[in-house]
1. Restricting to Cα atoms and excluding each atom paired with itself, what does the Kirkwood estimate give for region 158-270 in Å?
2. Over the C-alpha atoms of region 181-236, what are the Rg and the largest Cα-to-Cα span, Dmax, in Å?
3. Hey, if we sort Tyr348, Tyr210 by accessible area with the 1.4 Å probe, largest down, what's the order?
4. Put +1 on the Cβ of every Lys and Arg and -1 on every Asp and Glu Cβ in region 293-353; which of Trp305, Tyr325, Asn340 then has its Cα farthest towards the positive end of the dipole?
5. Regarding region 301-360, what are the three Cα extents along the principal axes, ordered largest first, in Å?
6. Dipole of region 181-274, Cα-centred, from +1 at each Lys and Arg C-beta and -1 at each Asp and Glu C-beta, to the nearest 20 debye?
7. Exceeding 19 Å between C-alpha atoms, which entries from my cross-link table qualify? They are Lys236/Lys314; Lys193/Lys224; Lys288/Lys353; Lys171/Lys193.
8. Over 12 Å apart: what share of the alpha carbon pairs of region 204-257 falls there, rounded to a whole percent?
Amino acid sequence: MSELNRMLSDLSSQQNSEKRLAVASIPSVWGFRFARVVLALVATLVGATGISWAVSVGSEKAFLATPMLTPEPVFVEPVPKALPSPTQKVVKSEVSYVAMKATPVVTAVEPTFETKAETKATEQVSEPVLMANVETVKAAPVQEQVEQEASLSVETIELTGEQLADIAYDKAQKRAQVGDTQKAIAFLRDAVKYNPSHIAATNQLAGLLYGRSHLREAESVLRKGISTNPNSATLKLTLARMYQQSGSEESALNVLSSSVNLLDGEQVRFVSMRAALAQKLGKNLEAKQSYQWLTEQEPMDGRWWLGLGVSAEKTGANTEAEKAYGKAVQSGGLSNQSVNFARQRLVYLQNLKQGATDGR
C-alpha cells in the first residue's frame, strides 16, 4: 500500500512539473524582429535630429550680419585655416580673425545683399570668428537732402484789408466770367467790406445789383462808395446813369454838380453828361458853361461847338452862338443831320443880325 501511494505521488509530481514547464512562455521569433525594427527607427530619428541641429547651427554662423551697433574690432594674428566640411561649398575670400569686445544683439539678413560686414558674435566666445572681407559700397549722401525736403515750416502771414479785398475781387471776376452772378456779388460784398475805397469792386457790385433789379440796394452801395471816395468820377457817373435810366434826370444832374478840378479822372465824360442833362432840363447857363469847358479841352470836336451854340443861342448870346455854329461846321466829327442843323442856325443868326442892322 505504501508502495502504491509512493508511485501515485511520484506520478502526480511529474505531472505537476510538466504543467509548470508548460506555463513558462517561449520567446517568439516575431517579437525579436519587432524589437529590432523599433530600435532601428529610434536610432534613425536620433541621427536625423543631430544632423539637422548641426546644419542649423552651421547656417546661423554662416549668415550672421552686421548689427546696428558696431564696436571697434581688435585685429590679431591670423591662425591656420579650419578644414571645411565635406558637404559645405568652399568660397575663396580674404579672411581675418577678429576678437570681439562686446556682445551686441544681431539681426539676420538675406545673404543675397551686399553689405559692409563685420560679424558680431551673439555670445562671448573664446575662439576667433571667421570674417569675410567684403568691398564697401559708399552710398550717396541723400539723408541730409531728404531731411531738408521733409522739414516743414509754418509761417503766419497777416494780410491787410486791401490784400483781402483784391483776393475777393479776383474771385468775383472768375465767377462773373462763367455767369455766376450770385457768387460774384457775394465776393464783391467781401471786397467792399475789407476795403471801402475799392472803387472797381463798388462800381461792379452796384451794376450787378441794378441788373438784378435791386435798385435801392445798388443806390445805397454807390452812395456809400461816393461818401468814402468823394472825388471818384466813375462812381458818380454810374449813379447818374442809373438815375437817368430810371427817369430821375434831376437827381442825375445833382450827382454831377461837383467841381471838375477835384475829380480823379474821366473829366470829359463827366462834364459832357452834365452838359447834356442841363441842356435837356432847360438849365442853359449851366449847359453853356459845361460846353465852354469842353471846347477848351477838345477844340477839334464839333459836338461841343454845336452844344455851345445851342446853349448860347438859348441864353441870348447870339454872337457867341453864331461863332460856335461856324466852328461846329468847320471842325467836323458830326453827322450830316447835325451839320445841316448847324448851318441852318448859322444862316438864321446871320439873317437875324443883318435884319437888326438894316432896321437901324
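1. Over region 158-270, the inverse of the mean reciprocal pair distance is 14.4 Å.
2. Taking only Cα atoms of region 181-236, I get Rg and Dmax of 10.2, 29 Å.
3. In descending accessible area the options line up as Tyr348, Tyr210.
4. Asn340
5. For region 301-360, the Cα spread along each principal axis is 39, 20, 14 Å.
6. The calculation lands at about 220 debye.
7. As for pairs spanning more than 19 Å Cα to Cα, those are Lys236/Lys314; Lys288/Lys353.
8. 60 percent
The values are calculated or read from the model by the stated rules, or taken from the named source; none is laboratory data. Just so we're clear, the structure is a prediction, and the values are computed from it rather than from any experiment. A quick note on method: Cβ atoms are made from the backbone with ideal geometry, for glycine too, and the neighbour counts reach across all protein chains shown. Protein only, heavy atoms only, side chains kept; ligands, DNA and RNA dropped before computing areas. Shrake-Rupley method; radii C 1.70, N 1.55, O 1.52, S 1.80 Å.
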